[in-house]
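The values are calculated or read from the model by the stated rules, or taken from the named source; none is laboratory data. This is a predicted model, so every value here is computed, not measured. Cβ sites come from the backbone with ideal geometry, for glycine too, and all protein chains shown count toward neighbours.
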Amino acid sequence: MKVCLFINSEGEGLIIKGDHNKVLNSYFKNIDWSATQLDGLMVTINVVGYKNEFSNNEIYNTGASATVWPGEASIFSYNVVSNTGLAQSDGAVFQGTKITVKNSVVHHNFVYDTEKYAFRYDAPGGNAEEAGSFGIMHHNIADNTMGLMIKGNNQIIANNTVINTISGRNDIIILAEDCSNNNTWLYNNLAERIGSHRSSTQFELSLMMLLSRLETVGYISDESVFLPKPK
């Protein structure tokens with residue numbers, strides 16, 4: 001599916017069920033103003049299947065809390081997205097949950113001016129495995145959003161730029177709760193504040209780092225760039 005226009009739709013903008021589909025170079029605007037009677041996770045674009053791709057698309061003005069639920073082992077790339085989740089709380093533009101995180105690749109997207117997370121690997125659960133593992137996010141930009149948040153483990157988060165995050169929260173959040181992210185790789189990212197908590201000024205360590213007797217307290221600032229501060 002390519003070069004399509006989806007505009008002024010009540011309900012989901014698009015539902016895909018199946019494997020190896022591609023949505024390319026398409027435009028979505030004014031999708032779902034009531035956010036009622038949606039399937040599953042409450043999303044604008046709902047993909048159920050394996051190895052589907054969503055690339056080079058634009059999305060503006062959506063109601064549902066999450067914008068794209070990508071299916072398993074997906075590619076989400078070169079998209080421009082803004083002003084999402086207007087009718088519901090919580091949510092993210094790219095919403096990866098347990099089964100959709102593994103082998104997902106999220107890269108070269110620009111998300112701006114939305115009160116939702118730009119990119120999120122997220123699922124409820126009492127352990128890291130419940131939130132999903134082995135996803136990759138690289139070379140994405142988020143400006144004036146809720147930032148980038150990662151649950152789970154064994155993720156690769158690299159070369160992302162996350163700035164102007166709203167509500168004074170951490171720009172990039174690599175959560176340490178429920179033993180998450182003790183084997184996640186985080187490198188070459190640009191942000192004002194990176195931490196393991198959504199908003200705390202205390203930099204929380206993973207269990208592995210605590211066992212190594214490394215301790216941090218708060219952040220240090222180098223020209224408004226905040227880093228974990230050794231005690």
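Sort out which residues of segment 67-117 are surrounded by fewer than 22 Cβ atoms within 10 Å (Cβ to Cβ) and over 19 Å from residue 156 (Cβ atoms), and write them in order of number.
Within segment 67-117, 80, 82, 83, 86, 87, 88, 89, 90, 110, 112, 113, 115 meet the criteria.
List pairs: first in segment 1-17 and in contact (Cβ under 8 Å) with a residue 40 or more places away in the chain and surrounded by 14 or more Cβ atoms within 10 Å (Cβ to Cβ), second outside any loop (DSSP other than H, G, I, E, B) and not aliphatic (A, V, I, L, M), Cβ under 7 Å, 6+ apart or cross-chain?
12/44; 12/46; 13/6; 13/28; 13/44
So, in segment 57-81, exactly how many residues are aromatic (Phe, Trp, Tyr), modelled with pLDDT of 95 or more and within 24 Å of residue 134 (Cα to Cα)?
Going through segment 57-81, the residues aromatic (Phe, Trp, Tyr) turn out to be 60, 69, 76, 78.
Narrowing further to those that are modelled with pLDDT of 95 or more: 60, 76, 78.
Remaining after also requiring within 24 Å of residue 134 (Cα to Cα): 76, 78.
The qualifying residues number 2.
So which pairs qualify, if the first residue must be in segment 174-194 and of a type in the set (A, V, I, L, M), the second must be surrounded by fewer than 20 Cβ atoms within 10 Å (Cβ to Cβ) and part of a loop (DSSP other than H, G, I, E, B), the Cβ gap must be under 9 Å, and the two must be at least 6 apart or on different chains?
Close Cβ pairs (under 9 Å, with a partner that is surrounded by fewer than 20 Cβ atoms within 10 Å (Cβ to Cβ) and part of a loop (DSSP other than H, G, I, E, B)) amount to 175/197; 175/198; 175/204; 176/182; 176/197; 176/204; 176/205; 190/159.
I'd like the full set of residues that are closer than 18 Å to residue 150 by Cβ and either more than 13 Å from the chain's Cα centre (by Cα) or of a type in the set (D, E, K, R) (or both), limited to segment 76-107.
The answer is 90, 98, 99, 102, 103.
Can you give me the number of residues within segment 1-25 that are of a type outside the set (A, V, I, L, M, F, W, C), assigned to a loop (DSSP other than H, G, I, E, B) and more than 14 Å from residue 81 (Cβ to Cβ)?
Start the filter on segment 1-25 by keeping residues that are of a type outside the set (A, V, I, L, M, F, W, C), which leaves 2, 8-13, 17-22, 25.
Cutting the leftovers down to assigned to a loop (DSSP other than H, G, I, E, B) gives us 10-13, 18-21, 25.
Now narrow it down to the ones that are more than 14 Å from residue 81 (Cβ to Cβ): 10-12, 18-21, 25.
Summing the residues that are of a type outside the set (A, V, I, L, M, F, W, C), assigned to a loop (DSSP other than H, G, I, E, B) and more than 14 Å from residue 81 (Cβ to Cβ) in segment 1-25 gives 8.
Which ones in segment 26-56 are part of a loop (DSSP other than H, G, I, E, B) and either of a type in the set (Asp, Glu) or at pLDDT 95 or above (or both)? Reasoning before the result, please.
The initial filter retains those residues of segment 26-56 that are part of a loop (DSSP other than H, G, I, E, B), namely 26, 32-42, 49, 51-52, 56.
Answer for segment 26-56, where residues must be part of a loop (DSSP other than H, G, I, E, B) and either of a type in the set (Asp, Glu) or at pLDDT 95 or above (or both): 26, 32, 39, 49, 51, 52, 56.
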